[in-house]
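Below: the structure, in structure tokens.
Computed from the coordinates by the stated procedures, all read-outs in this text should not be read as laboratory data. Bear in mind that the values here come from a model prediction, so they are computed numbers and not experimental data. Heads up, the Cβs are rebuilt from the backbone with ideal geometry, glycines too, and the neighbour counts pull from every protein chain shown.
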Amino acid sequence: MVGLGNFYTLKLHKEFQYIYRKGKDAHSDSVVLFFLPANEIHKVGFTATKKIGNAVKRNRAKRRLRALFREFSPTLKDGTYIFVAKQSINEVTHQKLKNDFQKILNRLNTIKKEPND
């Protein structure tokens, strides 16, 4: 199984609740991002509520989010990220989901700036 770069996954309910309370959030049509910046911390969590559908649909939604996260993870700043799937995630195309993903990452300024050599 391919990992999530150098990010550890959130497991505990209290970890998720802490980020929901203290972190910043950004919403798009198909995904919500909660982000709490912290030095030298690389954590990520993915959630899909029962509003999304049955277990098959929820797992598919989380798989799609993980795949996009893998793509963007090398360019992300240190901190804790939680991605929450919205109901429309299973109907949108990959390109639209990728655009939404990039939009929320940019909105919270989580992408590292390129170092000027």
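Pairs K11/K43; K51/K112; K11/K96; K11/K113: which exceed 22 Å Cα-Cα? In this structure, K51/K112; K11/K96; K11/K113 lie more than 22 Å apart at Cα.
Return the tail of the calculated pair distribution for region 4-72, meaning the percent of Cα-Cα pairs more than 18 Å apart. Cα-Cα pairs of region 4-72 separated by over 18 Å account for 43 percent. Compared with the direct C-alpha span, the chain from E15 to V56 gains 12.3 nm at full extension, assuming 0.36 nm per residue.
Dipole of the chain computed with +1 at Lys/Arg Cβ and -1 at Asp/Glu Cβ about the Cα centre; of F101, N39, N59, farthest Cα towards the positive end is N59. Over the chain, dividing the summed -39,500 (n - 2.57) contributions of all DSSP H runs of at least 4 residues by the number of residues returns a 222 nm mean residue ellipticity of -11500 deg cm²/dmol.
Per the Debye formula on identical point scatterers at the alpha carbon atoms of the chain, with no solvent, log10 I(q)/I(0) at q = 0.20 Å⁻¹ is -1.14. Karplus-based coupling profile of region 100-113, in residue order and whole Hz: 4, 4, 5, 4, 6, 5, 5, 4, 8, 6, 9, 8, 5, 7, with θ = phi - 60° in 6.51 cos²θ - 1.76 cosθ + 1.60 and x standing for Gly or Pro.
In this rough spin-label picture, where each label sits 7 Å from Cα along the Cβ direction, the K22-S88 distance is 3.2 nm. Axis of helix 55-72 versus longest Cα principal axis of the chain: the two differ by about 20°, to the nearest ten degrees.
Between Q95 and D78, what is 0.36 nm times their sequence separation minus the Cα-Cα distance? Round to one decimal in nm.
Working: separation 17, 0.36 × 17 = 6.12 nm, distance 2.57 nm.
That pair, Q95 and D78, stretches by 3.5 nm at full extension.
DSSP beta bridges in region 10-107, what fraction antiparallel, as a percent rounded to 5? The partial results should precede the final answer.
Values: 11 of 18 bridges.
Here the share of antiparallel DSSP bridges comes out near 60 percent.
Residue by residue, region 48-53 carries 3J(HN,Hα) couplings of 9, 7, 5, 5, 5, x Hz when phi is fed to the Karplus relation 6.51 cos²θ - 1.76 cosθ + 1.60 (θ = phi - 60°); x denotes Gly or Pro. Charge dipole (Cα centre; +1 on Lys/Arg Cβ, -1 on Asp/Glu Cβ; no other charges) of the chain amounts to roughly 560 debye. Proximity of backbone amide H atoms, modeled 1.01 Å from N, is registered between V31 and K86 at under 5 Å, excluding neighbours fewer than 5 places apart on the same chain.
Taken as Cα centroids, region 72-94 and region 1-69 sit 7 Å apart, rounded to the nearest whole angstrom.
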